[in-house]
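Report on the structure given below.
The values are calculated or read from the model by the stated rules, or taken from the named source; none is laboratory data. On a predicted model such as this, the values are computed, not experimentally measured, just so you know. Neighbour counts run over all protein chains shown; Cβ positions are idealised from the backbone, glycine included. Remember, those area values only see protein heavy atoms, side chains included, never the ligands or the DNA or RNA. Shrake-Rupley method; radii C 1.70, N 1.55, O 1.52, S 1.80 Å.
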Amino acid sequence: MTAKMFSRLLSVAAAAGLAATPIVGQAQQATAQGDLLGLPSDLSMLGETDPNRRVATALVNGFVITETDVNHRVALLLAANQRPVSDEEMIRIRMQVLRNLIDETLQIQAAEAQEMELPQAEVDQTYNRVAAQNFEQNPRAMDEYLRSIGSSPESLKRQIKGEMAWNNLLRRNVSPFINVSAEEVNELIERLEASRGTEEYRLGEIYLSATPETQAAVEANANKIVEQLRQGGSFVAYARQFSEASTAAVGGDLGWIQLAQLKNAELEAVAREMNPGQLVGPIRIPGGFSILYLIDKRQVLMADPRDAVLSLKQIQITFDPGTSEATAQQRVARFTEGVQAIRGCGDAENAAAALGATVVTNDQIRVRSLPDQLQNILLQLQVGQSTPPFGSFEEGVRVLMLCGRDDPQVAEGPDFDQLMGQLENERVEKRAQRYLRDLRNDAYIEYN
């Protein structure tokens with residue numbers, strides 16, 4: 001099972017338990033924050049200074065979360081992230097997972113308290129659907145994979161149950177009371193039309209909430225996350241693990257938005273200066289911190305050239321083992337000269353045979369699916385022209401010849417119903433965050 005497949009597996013499972021509060025209490029608060037609580041400036045700790053090293057389990061309103069539960073969920077996260085973690089980061093991950101499991105338990109309990117208990121058959125059905133997508137209709141193969149990484153089918157099913165129970169609860173107790181007027185949607189449509197040709201952004205966000213008392217610790221935690229991301233950590237995995245926004249379930253992906261939709265001047269200013277692939281943060285905003293990742297950007301309601309669909313011929317030469325560098329360079333030079341002499345795509349097969357090259361035809365290739373360097377080159381080519389040679393002696397040297405191009409149509413933009421759904425989802429998310437905070441405040445939780 002590949003990392004991409006496993007990421008999709010977690011997405012289908014929807015990782016509700018991965019959108020929880022950030023770890024706090026691992027650093028002293030700033031003096032100004034301490035003053036708010038009347039704390040002395042010089043603290044003498046009388047007990048264990050790092051309780052996170054010993055807390056492994058919890059009792060949540062009578063429900064036991066075991067160390068095994070934590071271990072199995074940690075294994076899911078590590079498999080999705082596919083990178084080693086330090087001992088210090090592992091402590092932080094385990095504590096975050098415990099918090100996630102507590103939230104998940106509260107969500108399930110809240111649904112059951114309102115006689116909305118989720119039948120196990122529905123959970124099993126979703127689990128089997130995930131197996132069908134990733135293991136060719138074979139749930140047992142997924143069972144074996146989960147056990148092989150140190151997790152279990154029961155852990156993933158519990159995660160699925162938490163997400164489904166919470167969604168059911170929100171649909172009954174929150175969504176019916178969300179109102180978005182037609183006037184609001186029409187105003188948004190007018191703003192979109194007025195901004196035609198301006199840029200819109202596809203952003204990923206990790207949001208960590210903070211109070212004045214926890215601000216310093218949350219910022220320190222956010223800096224650690226950014227450090228791990230810069231070292232190659234998966235943004236999607238970290239968003240699922242740490243972000244408190246509802247987009248945690250989809251790896252923090254906000255979708256295509258205009259910067260005004262961020263509703264925060266600081267985030268707008270930062271995102272406007274970002275380039276695709278860039279990570280920035282943590283950014284202090286009202287209520288906490290955000291970490292932004294720019295996935296892509298385009299022009300509002302305008303056709304994006306990168307959505308063009310190409311027909312390509314890949315012409316390639318390979319080198320026998322033991323070929324000297326001088327011999328290989330001479331062959332590349334002949335290959336380059338020969339490709340330049342090809343008279344269009346109709347001549348490609350015959351010309352390639354004379355050069356000792358192979359030809360593979362690739363239709364329906366979207367420009368944006370190709371590496372960035374090739375995107376820019378191919379967008380400048382006319383039919384029958386080729387890219388410069390690229391590759392290596394080990395993997396072969398090749399060119400791409402453009403044989404056809406279907407340009408994208410002008411984008412129509414989101415319709416009325418899509419925009420209404422977007423506004424409704426934003427309001428549901430805010431209510432859901434308050435709902436979960438209330439559940440935490442009313443819970444009886446004991447740690448072991």
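Quick notes on this one:
- Kirkwood Rh in Å, taken over all unlike Cα pairs in the stretch 84-184: 15.9
- The base-10 log of I(q)/I(0) for the stretch 270-402, evaluated at q = 0.13, 0.15, 0.16, 0.19 Å⁻¹, reads -0.68, -0.80, -0.86, -1.05 [Debye formula, identical scatterers on Cα atoms, solvent excluded].
- Proximity of backbone amide H atoms, modeled 1.01 Å from N, is registered between residue 405 and 311 at under 5 Å, excluding neighbours fewer than 5 places apart on the same chain.
- The stretch 357-442, Rg to Rh (Cα coordinates; Rh as Kirkwood inverse mean 1/r): 1.33
- Charge tally in the Cβ shell below 12 Å around residue 352, where Lys, Arg are +1 and Asp, Glu are -1, residue 352 excluded: 0
- Near residue 270: Cβ cut-off under 12 Å, other residues only, Lys/Arg at +1 and Asp/Glu at -1. The net charge is -2.
- Distance histogram for the stretch 161-313 (every C-alpha pair counted, 10 angstrom bins, percent rounded to whole numbers): 10, 31, 33, 22, 4, 1, 0
- Solution diffusion estimate, µm²/s, Stokes-Einstein, the stretch 144-207, Kirkwood Rh from C-alpha pairs, 10 °C, viscosity 1.306 mPa s: 96
- Spatial separation of Cα centroids for the stretch 269-283 and the stretch 347-400, in angstrom: 33
- Put the Cα centre of the stretch 84-142 next to the Cα centre of the stretch 163-234 and the gap is 22 Å.
- Solvent-accessible area per residue, Å², over the stretch 51-190 with all protein chains present [probe radius 1.4 Å]: 48
- Overall form of the stretch 244-289 per C-alpha gyration tensor (a/c, 1.5; a/b vs b/c): rounded
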